[in-house]
Each structure stands twice: as C-alpha cells, then as structure tokens.
Amino acid sequence: MPAITLPDGSVRRFDAPVTGTALAAEIGPGLARAALAMKRDGKLVDLSSEIAEDAAIVFVTRRDPDALSLIRHDAAHVLAEAVQELYPGTQVTIGPAIDTGFYYDFHRNEPFTPEDLPAIEARMREIVARNAPFVRQEWDRDAAIAFFQARGERFKAELIRDLPQSETISLYSQGAWLDLCRGPHMRATGDVGTAFKLMKVAGAYWRGDHRNPVLSRIYGTAWRDQKELDAYLHMLEEAERRDHRRIGREMDLFHLQEEAVGSIFWHPKGWRLYRAVESYIRRRLDAADYQEVRTPQLVDRSLWEASGHWDKFREHMFVAQVEDENKVLALKPMNCPCHVQIFRQGVRSYRELPLRMAEFGACHRYEPSGALHGIMRVRAFTQDDAHIFCTEDQVAAETARFVALLASVYRDLGFADFRVKFSDRPALRAGDDTVWDKAEGALIEACRLAGVEYTTNPGEGAFYGPKLEFVLRDAIGRDWQCGTLQVDYILPERLDAEYVGEDGVRHRPVMLHRAILGSFERFLGILIEQHAGRFPLWLAPVQAAVATIVSDADGYAEQVAAALRQAGLTVALDLGREKINAKVRAHSVAHVPAILVVGRKEAEAGTVALRRLGGEAQEVMPLAAAVARLAAEARPPDFTAGSHGLADHHS
RNA sequence: GCCGACGUAGCUCAGUGGUAGAGCAACUGAUUCGUAAUCAGUAGGUCCGGAGUUCGACCCUCCGCGUCGGCACCA
C-alpha cells in the first residue's frame, strides 16, 4: 500500500504497487509524455519499475541534468546494436556514459577506423527512429552465462561470471537486441534523441589491463538537444585554439624535434616566460623558509640501489657509461636521494628541523613513447622540488603550511580551482604496514587540519609512501597532476638520514616530498592553455609593443621604448612601414598585452596612445603615466606596493 | 609499450603512377597612412627516412622514425 511523496510535498496513496509510468499518467498527460525515468528515494530507476512501498518519487525529464547520463548510457546501447547489425561477429563488452558522452568497447579482429563512423552513426539514427522500448529482464545467472556463451559473447559471459553472487543479473532488450546491463534506462531508443555524434575510435585494453586483449573503442558525445551539442562542439574548437602546442608555435615560445624526443627547445620568448615563473617560485620559497640547493645530474648506480629506485624503476632511467671507467651512472629521475646526501653531511640537530631543502631539479625519465604529450609529458623536465626533513610531530603542521603556500601560488598564477586526490598504499611497496598506517594517518590528519577536501585514489600511492596530488585541468578538460605532497618514512631509513633529538639520541627524520608546479614544463603547458596565450602583464614574454604611425615619429618611439625598458618591461619596437592597422593586428595576434601607438601628435605632445589587448579603446596619456601604469601592472603578485626587487623579475 | 590515424614550403592545407600548388609568413620595391590584414614582385621543397614494385613513385607495398587521439604507464 505505497504512499508516494512527490516533490511538491503532496502524498498519493495506492492500494497496490504502481509503476512510475502509471503514476506519471495519473498526475497528468504532460508529465506522462515528458517523464524518462524517475528517482526513487534519490536513486535513479526505470520508469517502468514498480513502486510497492512508501517512497519519495521525483520524475526525470529531458530538462533535468540527470537526463544526460541516461541519454548517454542509452546511446551506448544504441551504438552497440548498430555495430552488431552492421558488423556481425563483433563482440560487445562494456559501454558506459562518461563526462562528455559515452563509449563502447568492442572485440573485433579488424579494429574500427574513422571511416566506419558515418555508417555506424547513420544506423544509430535508424535505431533511435525505431523507438524500440527498453525492457528489463531478470535472468538466472547460469542461464545468462550460457546465453552469452552460446552467442559467442565470451566477454559478457566473463563479466557475469565475475559479478558478485548477490547481484541480480539483469538484461535489457531494445527490439530484437539484448545486452547485459544494470540499468536504468529510459523508455525507448527514441528518448536518446538526435543530439549525438560519434567522435573517434581508439584502442583500449579489456578491463584496463595491458596484458589483456586490445578492444576497439568508439567514443561518442550526446546531449539533451542540438543546442547543447553545438555548444560542446564549439567548445572543442575553442579548446583547439588554446592548445599549448599551437600557441607555443604561434608565439614562438618553444619547439620539439625528433633528435631530442621528449626534450624541449625553449626559444627566447618561452624562456622569458619560464624565468618569470621560476623567479616567482624562488621568491615564494625564499619567503617560506626553504633553502635552495643544487645536486648532480649523473649519479652512480649504487645510490639508486640504496634508495630502491634501481629495483623498481631502472627501465625508466637513462643510464650513462664512459669507456675508461667501470661505473654505471644514471641521469637522476628525481632529486630526493641527492637531497638526503646533503642532509647527511655533518650531524643534524632537532633544532634544524623542519629543514626545507628546495631544488629546481632537472630530471630525466624514460617515459613510454605513447605517454609523451607536447610539453606536458616529456622525458627531460625540471621540478620545483623540495624535501622537508621533519619529525613525526611536525608532519601535520608542515602539510598544512605547504597546502596554504600551494593554494596561494595557484591563485597568483590564475588557478582558482584545483582538485586534491589522496592516494594510499599501492600493492607493490616498501616498508611494513605499521609504517604505512602511520604515514597515511598523518596525511589524513594534516588534511583535516588544513581544511583540505580530497577524493581518495585507493592503491595509487608512491612505493615509499602515501601522497596528496593537486590536479589542474587543461583546455579540453584533461586532468594533469601538478602539485604533490608525499610522506616518506622509507627513504630516510634506506639512506640512513638521522638527527640528534632533544633527548640526545639519534632519530630518523620523516621526509615530505613536495612540489607545487610539479614540472615547469607541464605547468607552463597548462598555464599557456589557461590563459590562451594572453598572459597577465607580469608573465607576458613581450609586455608592450611600441608602434609608429608615420616614420617622423620613429625617434620618439625609440624614446618611448627606452623608457619602458628602463622601467623593467620587455618591449617590441615596431618601426615598420605597414599601416597602423596592420601593426595593431600583428601585435594583437601575438598576444602582446599593451600596444603603445605613437604618431605626430604624440611625438609633439610627449604622450602615447595606449591600447590594451582585446580592447578597442585607446587612451592617450603622458608617456610617464603610461610607463608608471604598466610598470605597476607588471609587478609580480607577490610584490607588495613599494616593494623592492623589480631588478629581479625583469632580468 | 598497445590500437588507430597522420607526416607535402616557416605555418595552415590542396594535389596526381608521368616536370610540385595556394593562402599567410619571409625577402625586395612602392606607399607615410590614426588603432585587428596597403599594393606589386621575388625567393622558398631530400613531398619524414630506408628498401621494394614499376619504363617511371610524393602517390602502390614493406620496414623504421616522429606526431596526434585513446589505452596502459606516470617514483
């Protein structure tokens, strides 16, 4: 005898179980037409399912954001049906909804190619037009396994076999087509609508394991209506325009070439950007009581054996040998073992802790070729690395301190939003469980202290300790780990770091591995995409352009440029003979934040016409005023008004 | 590393089994002009590399390398 509470608070009572379909019909014909599914006590279920007990019901219509995942999941089923109609013998596996759409993984001897997509998409539209109802069936486990086995669907059979015994085995049919699926679905294939598009094909391992067969994955995107689809496609085009590889070329920041795969050739303008960020970080670290060091690039194998890296990561290390010596050296893949060597010089006292040792450490890692991506994932990179040697009691406070510093740096560089992930012990690890218990506990406690919200990544920690990862997002929505904080009880033990405590006895310090940017290369890639190349003045590689209208103003333009340079700005002087329109366009396209136009009037009056990138207005003002304004704006955000140190940042 | 696609001028891209093309950029000349492209001309190519098929290969085949999109990896 269900009593059903609706969103408006009203309650409807029924003498017998009632389906969502019937309930919607009773409320009104409009709702009956619009309802795609419903939420029963907050859980999304089929509209056709029966409500037998008291429940709160909310109907989901196309306007509801929840409709997106339903549309996408249903679209995946439609895709699978289309593929099996067109390519008999193809096996289905799984096909979930994702952030921007859906995909389906198929097993087929011939992988799909992009040329196959139009035909598949056309068939999908036919299936949507058929508007076949989704019908849920519950099956006996063995019968379901036998059914899929008999159809040659060995992946589906394996999936069912691995489902927990408690799980109900449900299948959904749409017309003649049938698939294992937990549900829920909408009413019929027609509810998918027409705002979808197949995007790309890709290879993917069965169950995400590289030892398994490669499946052929088809990605699609699906939205509630054409307007949303168009907006998404437009967003992708915009994102392509801000791709750091494109902007890097257009703004002449860097290049990559075959002879140095995974290493970057930084051009003068790109290096200026790099140095602006590096100088900024260096100042922030100085201010936060870090001590900068510099350690060797090539280090003997014995140190890597002692640290444990040789065992676990040898195949990812670049190894160097010389003919005369019987030694094996490795280019350092990370800085920590070297920092411990500095810590170990002399006898350390507890009074020195926490000791924060920083390095802009140039590291090399032999990354798998398929992982390389522009300047975001390279084989030669520089970390804004530091290791904090501290006592166990100091871990939480140091973590909180670090998170505050990181948040402030991210804010200054234009990243208000970032996400935090907590990764705990991996299967392959050093150290026993009591140590891991302690390390994980300390990190969790530190997060609580610092007020950091995080999601958990089970089993994703480093081999020597758990970690926090600070994740930023690129132009097309891919996540990249930038900052990190890792608690390490293992390395101090392995490399025998110790300090003398208040009690006069030797103790092991705890090491916190931490980075804010992560690698400069990756971070600059994200920074370029974040700003689409239109950097704030303090980061812009060329901060101002001085452009003349007539050649009579050349002499004055040189004075203007000199005055700007005197104030520490990087200036492009444009005395070319093109029209001012062409000059303004050229510097705008080059993303120069300030364009100072001078003609006869300005030369006579000692003024400049200042135009800001992206704006259409010009402001005529005395030269000194323009210089003062731009110089002030070019001051890095960590400089308070009247602060010294301009010499440092414009070097 | 795996699956797929791609690789032609500095950049963006056409192109055909029979002498390699455009726009922009560059360079030269003319133009002195008031805020997102002035006009004309010139130059520019190991068509990613290697092998093969062919009378003849930028094009077809094979092998490499690189890039791109995913997957896997990311101390």
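Below is a table of values for the structure above.
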item: Label point distance in nm, A:V261-A:V550, each placed 7 Å from Cα along Cα→Cβ; result: 5.9
item: Spin-label model distance (nm) - A:R108 vs A:A16, 7 Å beyond Cα toward Cβ; result: 4.7
item: Sequence-distant residues sharing a close amide H with A:M317 (under 5 Å, placed H); result: A:Y366
item: Dipole magnitude (debye, nearest 20) for chain A, charges at Cβ of Lys, Arg, Asp, Glu; result: 1200
item: Filtered chymotrypsin sites (Phe, Trp or Tyr not before Pro), region A:144-197: DSSP coil and at most 10 other beta carbons within 10 Å; result: none
item: Carbon and sulfur %, accessible surface of region A:46-124 computed with the full protein complex present, 1.4 Å; result: 52
item: P(r) tail fraction, region A:29-166 - alpha-carbon pairs more than 27 Å apart, %; result: 33
item: For region A:105-176, Kirkwood radius (reciprocal of mean inverse C-alpha pair distance, Å); result: 14.6
item: Over chain A: helical MRE at 222 nm, DSSP H runs n ≥ 4 each giving -39500 (n - 2.57), nearest 500; result: -10500 deg cm²/dmol
item: Residue-by-residue Karplus 3J(HN,Hα) for region A:84-99, coefficients 6.51, -1.76, 1.60, Hz, glycine and proline x; result: 6, 5, 7, 10, x, x, 6, 8, 8, 10, 10, x, x, 7, 10, 3
item: Pairwise centroid distance, computed over Cα atoms, of region A:247-310 with region A:552-576, Å; result: 32
item: 3J(HN,Hα) from dihedral phi, region A:144-158, Karplus parametrisation 6.51/-1.76/1.60, rounded to Hz, x for glycine, proline; result: 5, 4, 4, 4, 6, 4, 5, 8, x, 8, 6, 5, 4, 4, 5
item: In sequence order, calculated HN-Hα J values of region A:404-409 (Karplus, 6.51, -1.76, 1.60; Hz; x Gly/Pro); result: 5, 4, 4, 4, 5, 5
item: Relative contact order for chain A, counting Cα pairs under 8 Å that sit 6 or more residues apart, in percent; result: 9
item: Cα-based Kirkwood hydrodynamic radius, region A:293-445, one decimal, Å; result: 18.1
item: Solvent-accessible heavy-atom area per residue, rounded to whole Å², over chain A at 1.4 Å; result: 47
item: Relative contact order (percent, whole number), region A:515-651, Cα cutoff 8 Å, 6+ residue spacing; result: 25
item: Region A:254-528: relative contact order as a whole-number percent, Cα under 8 Å and 6+ apart; result: 20
item: For region A:525-638: span of alpha carbons on each principal axis (Å, largest first); result: 43, 28, 21
item: Carbon + sulfur, % of accessible area of region A:250-306 - ligands and nucleic acids excluded, 1.4 Å; result: 49
item: Full-extension gain in nm, A:T455 to A:R151, via 0.36 nm per residue minus C-alpha separation; result: 105.4 nm
item: Translational D in µm²/s for chain A (Stokes-Einstein at 20 °C, 1.002 mPa s, Kirkwood Rh from C-alpha pairs); result: 73
item: Equivalent ellipsoid, region A:365-474 (semi-axes from 5 times Cα gyration tensor eigenvalues, Å); result: 24, 21, 13
item: Cα-derived Rg over Rh, computed across region A:3-60 with Rh taken as Kirkwood radius; result: 0.90
item: Neighbour cut-off at most 10 other Cβ (10 Å), DSSP loop, GluC sites (Glu not before Pro), region A:412-464; result: A:E453
item: FRET efficiency for A:A416 and A:E237, using Cβ-Cβ distance with R0 set to 22 Å, rounded to 0.05; result: 0.35
item: For region A:54-104 and region A:412-483, distance of Cα centres in Å; result: 32
item: Value of Rg to Rh for region A:430-578 (Rh from inverse mean 1/r over Cα pairs, i.e. Kirkwood); result: 1.26
item: Qualifying GluC sites (Glu not before Pro) for region A:513-618 [loop in DSSP, other Cβ within 10 Å: at most 16]; result: A:E578, A:E616
item: Debye intensity ratio in log₁₀ form over the Cα atoms of region A:129-277, taken at each q of 0.09, 0.12, 0.17 Å⁻¹; result: -0.57, -0.80, -1.13
item: Percent accessible area from carbon and sulfur atoms, region A:544-633, protein chains only, probe 1.4 Å; result: 51
item: Accessible-area value, A:R161, 1.4 Å probe, nucleic acids and ligands omitted, Å²; result: 120
item: A:D225 accessible area, 1.4 Å probe, all protein chains in place, Å² to nearest 10; result: 70
item: Region A:254-528 - Kirkwood radius from inverse mean 1/r over Cα pairs (Å); result: 19.4
item: Rg(Cα) / (2.2 N^0.38 Å) computed for region A:186-274, rounded to two decimals; result: 1.66
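The values are calculated or read from the model by the stated rules, or taken from the named source; none is laboratory data. The model shown is predicted, which means the values in this text are computed figures rather than measured ones. Backbone-built Cβ (ideal geometry, glycine too); neighbour counts: all protein chains shown. Surface areas here come from the heavy atoms of the whole protein model, side chains and all, with no ligands, DNA or RNA. Shrake-Rupley method; radii C 1.70, N 1.55, O 1.52, S 1.80 Å.
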